[in-house]
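Written out below as structure tokens is the structure these notes cover.
The values are calculated or read from the model by the stated rules, or taken from the named source; none is laboratory data. It should be emphasised that the depicted structure is a prediction, and the values quoted were computed from it without experimental measurement. No Cβ is skipped: glycine too gets one built from the backbone with ideal geometry, and neighbour counts run over all protein chains shown.
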Amino acid sequence: MTQPQDPQQAQPPEGEQAVPAPELSGGEWLQGEPVSIKGSGQPLLVDFWDYTCMNCIRTLPYVAEWHRRYEQHGLRVVGVHTPEFSFARNEDHVRRAIESFEIPYPVVLDSEFAIWKAYENQYWPAKYFVGADGLIRASHVGEGGYGESEAFLQALIGEQEGFSGELPGVMEPVRPDDAAGAVCYRVTPELYCGYARGLVGNVGAIAPDRPMTYSDPGKHVEGTLYLEGDWMIASESLARPFGAQQPSRLHLAYMAVDVNLVLHPPLSGEGAKVRVLLDGAPIEAAAAGDDVVDGAVTVDVPRMYNLVKGDDADRHELTLETEADGVAAFAFTFGSCVVPAPAE
């Protein structure tokens with residue numbers, strides 16, 4: 001995944017830099033018919049995404065609207081869902097996300113990274129702009145550049161043989177923090193919870209793949225996880241083990257506007273309660289994220305949960321507390337952009 005970034009133009013490759021787009025083969029089509037690159041004579045937008053990725057989620061409304069606006073003018077859109085975490089290989093989870101996000105275009109599940117590798121892609125989200133000639137004419141990584149991207153799609157549409165349609169104006173920003181004038185801060189980087197890529201700051205031994213009782217050292221470095229109570233650290237995740245005898249707490253000092261966390265419910269299928277504390281106290285309603293109700297998150301499906309919503313980039317101490325055996329945390333992501341208040 002990538003952190004939010006200021007809007008930036010996606011510059012199209014020129015001349016010998018434009019290369020043939022690989023076929024979208026090797027995955028399982030979950031929605032729509034398989035889409036072929038060769039011989040269509042139509043432009044194509046290929047969007048690599050993962051349903052747990054904050055930046056991907058924020059770009060989906062734009063991609064969906066481009067499909068609605070320009071399908072009648074020849075544009076084809078394909079979502080390539082390449083999973084970042086093992087549970088996102090499950091087609092039922094991805095189908096649920098397709099429905100939840102109201103994605104209207106074809107989606108292929110790229111569980112084995114076949115399409116990802118064919119495009120030599122490295123990021124979520126990443127968009128590849130394919131002309132009617134079947135060549136990749138531009139690419140764009142991360143958020144931003146929506147107006148420039150749509151204008152470039154219009155240019156590709158206009159290149160179709162015999163095209164004479166009238167195209168609408170570029171769409172307005174979906175969110176205020178996508179518009180000109182928004183300020184994006186350097187915030188705490190994305191933070192993984194498993195031992196393969198995570199950063200745990202507890203002093204002493206860390207026990208991979210087995211339960212262990214941890215003691216919180218009390219002092220917390222920003223962007224580092226600190227464990228208290230019973231936890232089990234796996235390659236991708238951090239989970240409360242079954243049979244734990246005391247509350248499990250996770251402490252994190254961060255700087256950001258918003259905080260999100262990918263969570264997975266217990267394998268038993270029951271919802272799990274995770275309490276949210278901010279700066280040592282139960283989170284107040286004004287700061288509570290969209291998924292926090294009465295100071296807690298109910299984890300009932302594996303997805304990204306919004307824990308904290310702020311109006312400025314500030315430093316805070318987040319504590320998560322649970323007694324739900326089997327609930328697992330995978331990755332934190334942090335919002336960075338705000339809209340300054342009008343000058344008086």
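Data overview
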{"item": "Subset tally (residues that are part of a helix (DSSP H, G or I) and either in contact with a Gly (Cβ under 9 Å, 6 or more places away or on another chain) or at pLDDT 95 or above (or both)) for the range 149-193", "result": "12"}
{"item": "Residue tally, condition of a type outside the set (Val, Ile, Thr) and over 25 Å from residue 159 (Cα atoms), over the range 64-105", "result": "19"}
{"item": "Count - residues of the range 64-90 that are crowded, with 20+ Cβ neighbours inside 10 Å and free of Cβ contacts under 8 Å to residues at least 60 places away in the same chain", "result": "9"}
{"item": "Check on residue 325, under 29 Å from residue 94 (Cβ atoms), in contact with a Lys or Arg (Cβ under 9 Å, 6 or more places away or on another chain), among the charged types (D, E, K, R) and in contact (Cβ under 8 Å) with a residue 40 or more places away in the chain", "result": "yes"}
{"item": "Some residue of the range 284-291 being over 20 Å from residue 238 (Cα atoms), outside any loop (DSSP other than H, G, I, E, B) and within 23 Å of the chain's Cα centre (by Cα)", "result": "yes"}
{"item": "Any hit, the range 165-180, residues being surrounded by 18 or more Cβ atoms within 10 Å (Cβ to Cβ) and either in contact with a helix residue (DSSP H, G or I) (Cβ under 8 Å, 6 or more places away or on another chain) or acidic (Asp, Glu) (or both)", "result": "yes"}
{"item": "Every residue from the range 91-112 that is without any contact (Cβ under 8 Å) to a residue 60 or more places away in the chain and under 17 Å from the mean Cα position of the chain (by Cα)", "result": "99, 100, 101, 102"}
{"item": "Single residue of the range 312-344 satisfying the filter (hydrophobic (A, V, I, L, M, F, W, C) and under 21 Å from residue 182 (Cβ atoms)) that is modelled with the lowest pLDDT", "result": "343"}
{"item": "Single match in 129, 113 (criterion: under 24 Å from residue 54 (Cβ atoms), loosely packed, with under 15 Cβ neighbours inside 10 Å and assigned by TED's automatic domain parsing to the domain that holds residue 69)", "result": "113"}
{"item": "Within the range 256-281, tally of residues that are more than 21 Å from the chain's Cα centre (by Cα), outside any strand (DSSP E or B) and of a type in the set (A, V, I, L, M, F, W, C)", "result": "1"}
{"item": "Set 196, 253: member being assigned to a strand (DSSP E or B) and farther than 17 Å from residue 327 by Cβ", "result": "253"}
{"item": "Residue list for the range 184-199, restricted to those being touching a Ser or Thr at 6+ places or on another chain (Cβ under 8 Å) and surrounded by fewer than 17 Cβ atoms within 10 Å (Cβ to Cβ)", "result": "185, 186, 196, 199"}
{"item": "Matching residues, the range 309-336, being farther than 16 Å from residue 273 by Cβ, surrounded by fewer than 23 Cβ atoms within 10 Å (Cβ to Cβ) and of a type in the set (A, V, I, L, M, F, W, C)", "result": "313, 318"}
{"item": "Residue tally, condition in contact (Cβ under 8 Å) with a residue 24 or more places away in the chain and more than 25 Å from residue 120 (Cβ to Cβ), over the range 151-161", "result": "4"}
{"item": "Restricting the range 216-233 to residues that are modelled with pLDDT of 95 or more and surrounded by fewer than 16 Cβ atoms within 10 Å (Cβ to Cβ), the residue that is nearest to residue 56 (Cα to Cα)", "result": "222"}
